[in-house]
1. Please find the FRET efficiency linking His492 to Glu243, where r is the Cβ-Cβ separation and R0 is fixed at 51 Å, and quote it to the nearest 0.05.
2. Counting only heavy atoms of protein chains, what accessible area per residue, in Å², does segment 382-538 have with a probe of 1.4 Å?
3. Got a number for carbon plus sulfur as a percent of segment 173-312's accessible area, 1.4 Å probe?
4. By the scheme Lys and Arg +1, Asp and Glu -1, what is the net charge of all other residues having a beta-carbon under 10 Å from that of Ser378?
5. Pop a pseudo-label 7 angstrom from the Cα along the beta-carbon direction at both Asp472 and Asp229 and give the gap in nm to one decimal.
6. For Thr114, what accessible area in Å² do you get when you roll a 1.4 Å probe over the heavy atoms of the protein chains, rounding to the nearest 10?
7. Ignoring ligands and nucleic acids, what accessible area does Ser394 show with a 1.4 Å probe (Å², nearest 10)?
8. As a test question: what accessible area, to the nearest 10 Å², does Arg398 have when a 1.4 Å probe is rolled over all protein chains in place?
Amino acid sequence: MLEINGKSVYNSLCMGKLYFYGMNKRTVKREKTDTPETEVRRFMSALTAAKKELHELYEKALLQVGEDNAQIFQIHTMMLDDEDFYGAVINTINVQKVNAEYAVSYTSDIFARTFREMDDEYMQARASDVCDISERLINLLSDNSGTDTIPEPSIIIADDLTPSETVQMDKDKILGFVTFRGSQTSHTAILARTMNIPAVINTGEISPEHHGKTAILDGFSGALYIDPDELTIQEYKKRKALEEERAKLLSELRGKPTETKSHKKVNLYANIGSPRDLAAAVQNDAEGIGLFRSEFLYLEASDFPTEDEQFRKYKEVAEGMCGKKVIVRTMDIGADKQIDYFKLPCEDNPALGFRAIRICLTDTKMFKTQLRALLRASAFGNISIMFPLITSLSEVIRAKALVAEAMQELEDEGIPYKKNIETGIMIETPAAAIICDMLAPEVDFFSIGTNDLTQYTLALDRQNSALEPFFDPHHPAILRLIENVIQNAHKHGKWVGICGELAADLTLTEAFVNMGIDELSVSPSFVLKVREKIRDLD
């Protein structure tokens, strides 16, 4: 038995044959040409065809993995439109007088290497996107479908799967993922969490001689056991049976109240990024939407979304939740969510820069467009408005004043809206957590965003993989800030929730309940797990 260890990105177990995806990928040959203009025309034709394919993949991905994850194909289209990339390919053809396939491969290697050598983990992950669009172009130039058919349910082994590869795979044939490289933000990791299957990354290269061998993938420990011995197999079967029994028990919690044995009620909501995520929230019996990330409406658009476009999206979610609470966070653009048409300044540290509420309070016309859309949609359901990245009382007062202005405009126009709509703020900066007693009288609720709160409190860039050993979301400072926020909210008669990653951390659920938390908002797939934990508490 051979044991290989990596980093787990989803806790689950599976056993099956190993399938080395892309093992027989063709090598691109360098060929000289006397007619570079012909190769340029071939390349431009492939570029057009690739964009068409990406649009079709986007539509397919919407149904399979939701809008948040499907957006990667729109990003790929933008990369194909990037003048630096296609200009470099054309220049390589003309200067080196080579075939288009080689020019694409040559350019891809340079761009991918540049991304991999960056310090930022998010940018490192973009190397696979470059490889993805380049492979697509080469396949089109070579009249090759580029597909790799998986014959039977298997554990997929690959260097670092691209988004196109993961979406085009037959999901019924995937038992788990193992990649030699990759990151927590890679499409492979996202897909694994969406599909609830085990995934392990950063194993280092695994020899293809193991293709077809039986293996056990332990997504809890991050281990892959190739040719497992009988003792390991029996242990796996016991653990798998327990896992399946837990899943069955969890399904029986649908419709059950989220409360402790002593009848302490906790509202259990879901985080979503688009109306297409509603199905997962409803399927997992979420009691409301605790975080609707409205910035995805901007990320998927080529220009600022209009009031009517936003209204239709918010209305769809409000109606889909049938009167249950829907908390919409006003757009949180900036930091790692950059959009070309916003024309944001280039910053040395965008996480501490011009983002979120700072953009909204500067471009008030754009902000009021979103507020008007939200207020109009509130007439069709139970919508609440939440402002991100608050650091001062003046920001809250200015944001609420703009809400009042939008209300008055709709009143004058005779457009219905919910007049007593709740407004709240994200507590995700130490400043907001410390002065929460001053902020509480101005809002209806707090929602603690633990991801950024941890980053800013510990002075750690959460996108920097080199700092991962120092990133401690259980740090006493974080827990003290959370408890302080809960206490001060309750003193002023306001409710408080948590919508960051810690909301789904079962090791902290009891602590949060003891602190008096009123609401937890988690990814849809974690709703029933958190409900089970809360119902076990006394």
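The values are calculated or read from the model by the stated rules, or taken from the named source; none is laboratory data. Remember, it's a predicted structure, so these values are computed and weren't measured experimentally. All Cβ positions, glycine included, derive from the backbone under ideal geometry; neighbour counts span all protein chains shown. When the accessible area is computed, the model is the full protein with side chains, heavy atoms only, and any ligands, DNA or RNA have been set aside. Shrake-Rupley method; radii C 1.70, N 1.55, O 1.52, S 1.80 Å.
1. Efficiency, from the Cβ-Cβ distance: 0.70.
2. That works out to 41 Å² per residue.
3. Exposed carbon and sulfur together represent 52 percent of the surface.
4. +3
5. 3.8
6. About 70 Å², rounded to the nearest 10.
7. Ignoring ligands and nucleic acids, Ser394 comes out at about 70 Å².
8. Its accessible surface works out to 120 Å², give or take rounding.
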